[in-house]
Amino acid sequence: MTLDQYTRVSDGLLNKMLGGFNTTIESQPNSIGSIAGLPTNQRVLDIKEPMIGLDLKVTQVFTVQNNKAYIITYTAEAAKFLDHLSTLQK
């Protein structure tokens with residue numbers, strides 16, 4: 001499976017899984033460079049459900065090698081998302 005194939009399939013699965021929530025998924029090909037020399041994609045999700053007070057922001061950086069996906073996920077309350085984002089970007 002290529003990185004682009006993984007991105008399309010996983011975006012579709014996330015849309016199905018999070019369909020009950022107000023979710024925005026934005027995938028950004030090759031936006032941060034590489035992990036261990038492999039090309040990466042980045043996904044940003046905004047997940048909101050006002051009825052239960054849920055407002056999360058999620059960033060995933062991922063790559064594929066030998067048909068295995070390697071994913072780094074950072075999740076935080078939307079209001080606190082930027083507090084530790086710089087750590088992820090290192």
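See the values below:
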{"read-out": "Sole residue being more than 22 Å from Thr2 (Cβ to Cβ) and part of a strand (DSSP E or B), chosen from Lys48, Lys80", "value": "Lys48"}
{"read-out": "Per-region count, region 50-68, residues within 13 Å of Ser10 (Cβ to Cβ), touching a strand residue (DSSP E or B) at 6+ places or on another chain (Cβ under 6 Å) and aliphatic (A, V, I, L, M)", "value": "2"}
{"read-out": "Which numbered condition Thr59 misses (of (1) surrounded by 14 or more Cβ atoms within 10 Å (Cβ to Cβ); (2) modelled with pLDDT of 90 or more)", "value": "(2)"}
{"read-out": "Verdict on Gln42 being at pLDDT 85 or above and in contact with a helix residue (DSSP H, G or I) (Cβ under 9 Å, 6 or more places away or on another chain)", "value": "no"}
{"read-out": "Residue match in region 3-16 (condition: among the hydrophobic types (A, V, I, L, M, F, W, C), at pLDDT 85 or above and touching a Pro at 6+ places or on another chain (Cβ under 9 Å))", "value": "yes"}
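The values are calculated or read from the model by the stated rules, or taken from the named source; none is laboratory data. Quantities reported herein were computed from a predicted structural model and do not represent experimental measurements. Cβ: placed from backbone, ideal geometry, glycine included. Neighbour counts: every protein chain shown.
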